[in-house]
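Let me begin by presenting the structure, written as structure tokens, before commenting on it.
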Amino acid sequence: MIDARHRRGPVTNLPLPRYVSLKTDEGNVRRGPSLTQKIDWVFKRRDMPLEVTAEYGHWRRVQDSDGAGGWVHYALLSGVRTVLVQEDMTPIRARPDSNAPVNAAFELGVIARLGTCELSWCKVSAGGYKGWVEKSALWGVDEDEIRE
């Protein structure tokens, strides 16, 4: 039996679930995978991280950090990885070490570009600042995900 965390999308053969980001300033979220389906709402934050949970043709079922989601056309999505800061004034450190100097602090809701990830830390950048943040303060990266 295949572990649910290691399923593959029937269209792309990429892992499901997986993280992507919103490529545009606005993205219609529909009830089903078709232009004829009702628009339930509109995502309005470029680069917002989203989790793809299903695929159907040119459509991807996605959800945001609050669990809200629906079907989005694949052209609105990017493979560029971003994360959402989940804790206010999250320290961004010079090294992946809780005693390392703090380069900056990101507010709750900041969207940052995701770089390398170790077991408990990820390198991120936003607003001209970069450094390491504890993975537990981020949404858009799995707790066991390692990135080089």
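The values are calculated or read from the model by the stated rules, or taken from the named source; none is laboratory data. Note that the structure is a prediction, hence the values are computed from the model and not measured. Cβ atoms come from the backbone with ideal geometry, glycine included; neighbour counts cover every protein chain shown. Note: accessible area is taken over every heavy atom of the protein model, side chains too, but ligands, DNA and RNA are not part of it. Shrake-Rupley method; radii C 1.70, N 1.55, O 1.52, S 1.80 Å.
A few notes on this one:
- Subset of region 31-47 (residues that are of a type outside the set (Val, Ile, Thr) and open to solvent by 30 Å² or more (accessible area, probe 1.4 Å)): 31, 33, 34, 35, 37, 38, 40, 41, 44, 45, 46, 47
- Region 126-138, residues that are loosely packed, with under 15 Cβ neighbours inside 10 Å and part of a strand (DSSP E or B): 129
- Looking only at region 87-146, and only at residues there that are among the hydroxyl-bearing types (Ser, Thr, Tyr) and in contact with a strand residue (DSSP E or B) (Cβ under 8 Å, 6 or more places away or on another chain), the one that is nearest to residue 52 (Cα to Cα): 116
- Consider region 59-76 and keep the residues that are free of Cβ contacts under 8 Å to residues at least 24 places away in the same chain, open to solvent by 30 Å² or more (accessible area, probe 1.4 Å) and in a loop (DSSP other than H, G, I, E, B). The one that is farthest from residue 129 (Cα to Cα) is 67.
- Residues in region 105-117 that are within 17 Å of the chain's Cα centre (by Cα), open to solvent by less than 80 Å² (accessible area, probe 1.4 Å) and not hydroxyl-bearing (Ser, Thr, Tyr): 106, 109, 110, 111, 112, 114, 115, 117.
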